[in-house]
Amino acid sequence: MAGPRPVVLSGPSGAGKSTLLKKLMKEYDSVFGFSVSHTTRNPRPGEENGKDYHYVTREVMQARIDNGEFIENAVFSGNMYGTSKAAVQDVQAKNLICILDIDMQGVRNIKRTDLSPIYISIQPPSMAVLEKRLRDRKTESEESLQKRLHAAKVDMEFSKEPGMFDVIIINEDLEDAYGKLKETLIEEINKVKKVGMSS
Ligand SMILES: Nc1ncnc2c1ncn2[C@@H]1O[C@H](COP(=O)(O)OP(=O)(O)OP(=O)(O)O)[C@@H](O)[C@H]1O
Ligand SMILES: Nc1nc2c(ncn2[C@@H]2O[C@H](COP(=O)(O)O)[C@@H](O)[C@H]2O)c(=O)[nH]1
């Protein structure tokens, strides 16, 4: 379907992807729509089924993958995650910019599709800062935290692969990082606003 280009936000767990995308969706609520992924991990306090994720069992997730319902799927830190075709279509049907928050396996897999998004990597200023943010968030067990830190090291190298991302944003100061994110997306934002005004 023709429409605004989707946006992929990727980067290590704890780098600040959700924080940045929530700010963006708050400021431009009629411009962006979130692609609600499926996951087998448990909801965190405050997360809502159908809004943050569709929380499903492994059996349900695997059956839907086998049924061809996903554009991409991956195992991250021991849990399954995936972007369903319906999640993206729901946003695109409203002519909004679809935002996907996915890990690096998802980025590789999306590159094999015809989605053609803008690829943005959100990176932490250092591993030490990342670890502090993840610990302070208090959402992970020690085991999950260690898995996420291990994946983060791989992700930080992956983000440097030439051509992998259109833009890499270091999220040190939140307002600076948010400013860079808006700057990257302003052209697409203005296109959607223009269409909204003329319809
Ligand atoms: N620039 C920043 N300065 C300080 N703290 C930050 C900054 N950006 C985000 N945080 C905090 O760091 C923690 C991790 O951020 P967030 O949950 O947005 O990361 P994430 O990349 O979405 O992680 P995940 O992939 O695990 O969902 C949160 O507690 C958030 O409030
Ligand atoms: N490949 C995919 N990765 C996804 C998807 N949804 C989320 N994620 C990534 O998983 C990790 C962990 O997320 P968390 O919410 O448990 O902290 C993070 O890097 C997300 O970007 C997806 O559909 N596909």
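Details
- Computed Kirkwood radius, in angstrom, where 1/r is averaged over Cα pairs of segment 89-148: 14.3 Å
- The chain - percent of accessible surface contributed by carbon and sulfur, probe 1.4 Å: 51 percent
- Cα point-scatterer Debye curve for the chain, base-10 log of I(q)/I(0) at q = 0.11, 0.17 Å⁻¹: -0.49, -1.25
- Hydrodynamic radius (Kirkwood) for segment 54-98, which is based on Cα pairs only, to one decimal in Å: 11.3 Å
- Sorted on the mean count of surrounding Cβ atoms within 10 Å across their residues, most packed first, peptides 18-26, 33-41 read 33-41, 18-26.
- If R0 is 41 Å, the Cβ-Cβ spacing of Met197 and Thr113 corresponds to a FRET efficiency of close to 0.85.
- Between Glu59 and Gln146, the contour length at 0.36 nm per residue exceeds the Cα-Cα span by 28.7 nm.
- Local charge for Met104 was computed over the other residues whose Cβ lies under 13 Å away, with Lys and Arg +1 and Asp and Glu -1, and equals 0.
- Solvent-accessible surface of segment 42-181, averaged per residue with a 1.4 angstrom probe and all protein chains in place: 54 square angstrom.
- HN-Hα J in Hz across segment 117-126 - Karplus 6.51, -1.76, 1.60, θ = phi - 60°, x for Gly and Pro: x, 8, 9, 10, 9, 9, 10, x, x, 6
- Largest to smallest accessible area among Glu131, Glu140, Glu172 [probe 1.4 Å]: Glu172, Glu131, Glu140
- Figure legend: label point modelled 7 angstrom from the Cα of Val129 along Cα→Cβ; residues of segment 1-44 with amide N under 11 Å from it are 15-16.
The values are calculated or read from the model by the stated rules, or taken from the named source; none is laboratory data. Small disclaimer: the values here were computed from a predicted structure and weren't measured. Virtual Cβ from ideal backbone geometry, glycine too; neighbours counted across all protein chains shown. Please note that ligands, DNA and RNA were not included when accessible areas were found on the heavy atoms of the full protein model with its side chains. Shrake-Rupley method; radii C 1.70, N 1.55, O 1.52, S 1.80 Å.
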